[in-house]
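So the structure is just underneath, and the comments pick up after that.
What follows is calculated from the coordinates using simple rules that are stated; it is not laboratory data. None of these values were measured; they are calculated from a predicted model. Neighbour counts are summed over all protein chains in view; Cβ atoms, including those assigned to glycine, are modelled from backbone coordinates with ideal geometry.
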Amino acid sequence: MTVYFIGAGPGAADLITLRGRRTLAACGVCLYAGSLVPREMLAACPPGARLVDTAHLTLEEITGELTAAHEAGHDVARLHSGDPSVFSAVAEQMRRLDAAGVPYEIVPGVPAFAAASAALGRELTVPEVGQTVILTRVAHRATAMPPGEDLDTLGRSGALIVLHLAARHIERVVAELTPRYGADCPAAVVAMASRPDELVLRGTLGDIAGRTAAAGIVRTAVILVGRSLAADRFPDSHLYSPERVRRAATADPGPGPGPGDSPASL
């Protein structure tokens, strides 16, 4: 049988993908993070499914549950908040499943930073203002950051930075990014993105730490810092420009672009 790592999305029960919900409905066992995955989402599990809250389980206990369910002949849904590709601890689970010979698949989900962007009503990549988004975190009572991935180094790019798992340490974030971005750089904190208790704070590096402390936000939030958060004067994207060469519409779009196609011909 198969273990399915399913992205449960940022928090709203209806932001799981159609594939994720369909897969969840077909699995006789579901492991979920009770502190992050909404209980309403579990209603999609089949009647009689074994539900295991992993909030207080160790990695070995979790993979033990996955392996045991597989050996008992059950497909297993492993629900992770957001998308499994970012800060999900899926890699070490897959490593253990590989060693045990247990097959698995990944079902993508809506990441927290995308839900935060929607809550802010902002596109994170703005023409000639910012075209790069850095997803990162800070190290504190967690695995160390690799060399060269500290905030001072990442901040040299001037790119928009999204920090996960860092709301409790926002004063440190501000202190490390201000020399690179300036105290007037737009910043935001989005807590509980997409949930009924969603909270959105807007400000600058100069005041966002105080706003966050006053609101009592210490977890389940992302911090965003970058000029594109407040950009209002920028050129339109070339994507829809009348100067852009376009192919004539056809009934049959045919195959996608080939290796020799240039952007100007698409």
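So which chymotrypsin sites (Phe, Trp or Tyr not before Pro) in the stretch 85-188 pass both tests, a DSSP loop state and at most 16 other Cβ atoms within 10 Å of the Cβ?
Working: sites: 87, 104, 113, 181; in loops: 87.
In loop regions of the stretch 85-188 (DSSP not H, G, I, E or B), there are no sparsely surrounded chymotrypsin sites (Phe, Trp or Tyr not before Pro).
Grab the Cα-Cα distance for residue 98 and residue 25, subtract it from 0.36 nm times how many residues apart they are, and report the gain in nm with one decimal.
Full extension of this stretch gives 23.8 nm more.
Work out the length of the dipole vector of the stretch 104-150 about its Cα centre, built from +1 on the beta-carbon of each Lys and Arg and -1 on the beta-carbon of each Asp and Glu, and round it to the nearest 20 debye. Don't skip to the answer; put the middle values down first.
On the way: 3 positive and 5 negative charges, 43 e Å.
Here the size comes out at about 200 debye.
Hey, what did the chain get for relative contact order, percent, Cα under 8 Å, at least 6 apart?
That works out to 18 percent.
Among 77, 59, 45, which residue has its Cα positioned farthest towards the positive end of the charge dipole of the stretch 3-107, with +1 placed on the Cβ of Lys and Arg, -1 on the Cβ of Asp and Glu, and the dipole taken about the Cα centre?
The residue sitting farthest along the positive end of the dipole is 45.
Placing unit charges on C-beta atoms (Lys and Arg positive, Asp and Glu negative, everything else neutral), compute the dipole magnitude of the stretch 112-229 about its Cα centre in debye, rounded to 20. If you can, show how the numbers build up before the last one.
Details: 12 positive and 11 negative charges, 49 e Å.
That gives the stretch 112-229 a dipole magnitude of about 240 debye.
Considering the dipole of the chain built from charges on the beta carbon (Lys and Arg +1, Asp and Glu -1) around the Cα centre, which of 3, 179, 29 is farthest to its positive end?
179
Below 12 angstrom from the Cβ of residue 160, what's the summed charge of the other residues (Lys, Arg +1; Asp, Glu -1)?
That works out to +1.
In nm, to one decimal, how far is the modelled label at residue 247 from the one at residue 43, with both set 7 Å along Cα→Cβ?
4.4 nm
Between residue 156 and residue 71, what length comes free when the chain is fully extended (0.36 nm per residue of separation minus the Cα-Cα distance, one decimal in nm)?
25.6 nm
Tally Lys/Arg at +1 and Asp/Glu at -1 over every other residue whose Cβ is under 11 Å from the Cβ of residue 30; what's the total?
-1
How large is the convex hull of the Cα atoms of the stretch 3-107 per residue, expressed in Å³ as a whole number? Walk me through the numbers on the way to the answer.
Numbers: hull volume 9.1 nm³, N = 105.
Cα-based convex hull of the stretch 3-107, divided per residue, equals 87 Å³.
Please state the Cα pair-distance histogram of the stretch 112-229 with 10 angstrom bins from zero: what percent is in each bin?
All Cα pairs considered, the percentages come to 15, 51, 32, 3.
Compactness ratio of the chain: Cα Rg over 2.2 N^0.38 Å, N = residue count? Walk me through the numbers before you get to the answer.
Numbers: Rg = 21.4 Å, N = 266, 2.2 N^0.38 = 18.4 Å.
Against the compact-globule rule of thumb, the ratio is 1.17.
Once a ≥ b ≥ c are taken as the square roots of the eigenvalues of the Cα gyration tensor of the stretch 46-145, is the result rounded (a/c under 1.5), prolate (a/b larger than b/c) or oblate (a/b not larger than b/c)?
Values: a/c = 2.53, a/b = 1.93, b/c = 1.31.
Prolate.
Could you give the nm distance between label points at residue 238 and residue 134, where each point is 7 Å from its Cα heading toward the beta carbon?
Result: 2.5 nm between the two label points.
To the nearest 20 debye, what is the magnitude of the charge dipole of the chain about its Cα centre, counting +1 on the Cβ of each Lys and Arg and -1 on the Cβ of each Asp and Glu?
300 debye
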